Amino acid sequence: MAEKLPTYGITTPITVIPTGIEIPPPISDAEKAQLIQKLGFSSDRRYLIFVGRLGLEKNIPFLIEMFATVARQLPDVDLLILGDGPEKENLKAQAESLGIASRCLFPGYVSHAEVFIAYSVATLI
């Protein structure tokens, strides 16, 4: 982005601040296949993905509400919500009340390395 922003006319000084996210080492195809199965991925589906703590401050109810609209228009798309937290049961109940519980997957907490695999399978992050 530091190289791209000046092409948009940005003239203020730009400082790159690393995110601190370490990319894990590659894993074997067998490990990847195992995680895909664990998360419930299917090759005939597309996935939107959320990764994070399931707390009120994340406004995940809004995400689920908007996904209900997407789900009506795109029958091959599911929402994968990776993470855990105090709002998990409330979010599941919301998905149930909107009639999209079967399309909202809540596999829970996954390791740092597993998150990268999930990202690689997701259609939209």
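The values are calculated or read from the model by the stated rules, or taken from the named source; none is laboratory data. Worth saying up front: this structure is predicted, and the values here are computed from it rather than measured. All Cβ positions, even for glycine, are placed from backbone atoms using ideal geometry, and neighbour counts span all protein chains on display. Quick note on the areas: whole protein, heavy atoms, side chains included, nothing else; ligands and nucleic acids left out. Shrake-Rupley method; radii C 1.70, N 1.55, O 1.52, S 1.80 Å.
With a 1.4 Å probe and every protein chain kept in, tell me what percent of the accessible surface of the chain is carbon plus sulfur. Can you show the working numbers first?
Values: 4800 of 8310 Å².
The value for the chain is 58 percent carbon and sulfur by accessible area.
Which value at 222 nm does the chain reach when only helices count, each DSSP H run of 4 or more adding -39,500 (n - 2.57), with the total divided by all residues and rounded to the nearest 500 deg cm²/dmol? Mind dumping the intermediate values first?
On the way: 4 runs with 45 residues, N = 125.
Calculated mean residue ellipticity at 222 nm is -11000 deg cm²/dmol.
Over the chain, what relative contact order in percent results from Cα pairs under 8 Å that are six or more residues apart? Before the final figure, lay out each step's value.
Working: 128 pairs, mean separation 38.5, N = 125.
Relative contact order, the chain: 31 percent.
Rounding to the nearest 10 and keeping the result within 0 to 90°, find how far the Cα-based axis of helix 60-73 lies from the longest principal axis of the chain.
That works out to roughly 70 degrees.
What distance in nm separates the two pseudo spin-label positions at residue 66 and residue 51, each 7 Å out from Cα along the beta-carbon direction?
That separation, rounded to one decimal, is 1.9 nm.
For the chain, what does the accessible surface come to per residue with a 1.4 Å probe? Please give it in Å².
Working: 8310 Å² over 125 residues.
With all protein chains present, the chain gives 66 Å² per residue.
What distance in nm separates the two pseudo spin-label positions at residue 44 and residue 111, each 7 Å out from Cα along the beta-carbon direction?
About 3.2 nm separates the two model spin labels.
More than 20 angstrom separation, counting every C-alpha pair in the chain; what % is that?
On the way: 4120 of 7750 pairs.
Cα-Cα pairs in the chain separated by more than 20 Å: 53 percent.
I want to make sure I understand the PRE zone here: with the label point 7 angstrom from the Cα of residue 123 toward its beta carbon, which residues in the stretch 63-103 have backbone N atoms less than 15 Å away?
67-81, 103
Could you work out the mean projected area of the convex hull around the alpha carbons of the stretch 1-54, in square nanometres to one decimal? Walk me through the numbers before you get to the answer.
Details: hull surface 29.1 nm².
Projected over every direction and averaged, the Cα hull of the stretch 1-54 covers 7.3 nm².
Computed over the Cα atoms of the stretch 38-106, what is the ratio Rg over Rh, Rh following Kirkwood?
0.93
Using a 1.4 angstrom probe on the protein heavy atoms only, could you order 114, 22, 3 from most to least accessible area?
Details: 114 40, 22 145, 3 170 Å².
My answer, sorted largest first, is 3, 22, 114.
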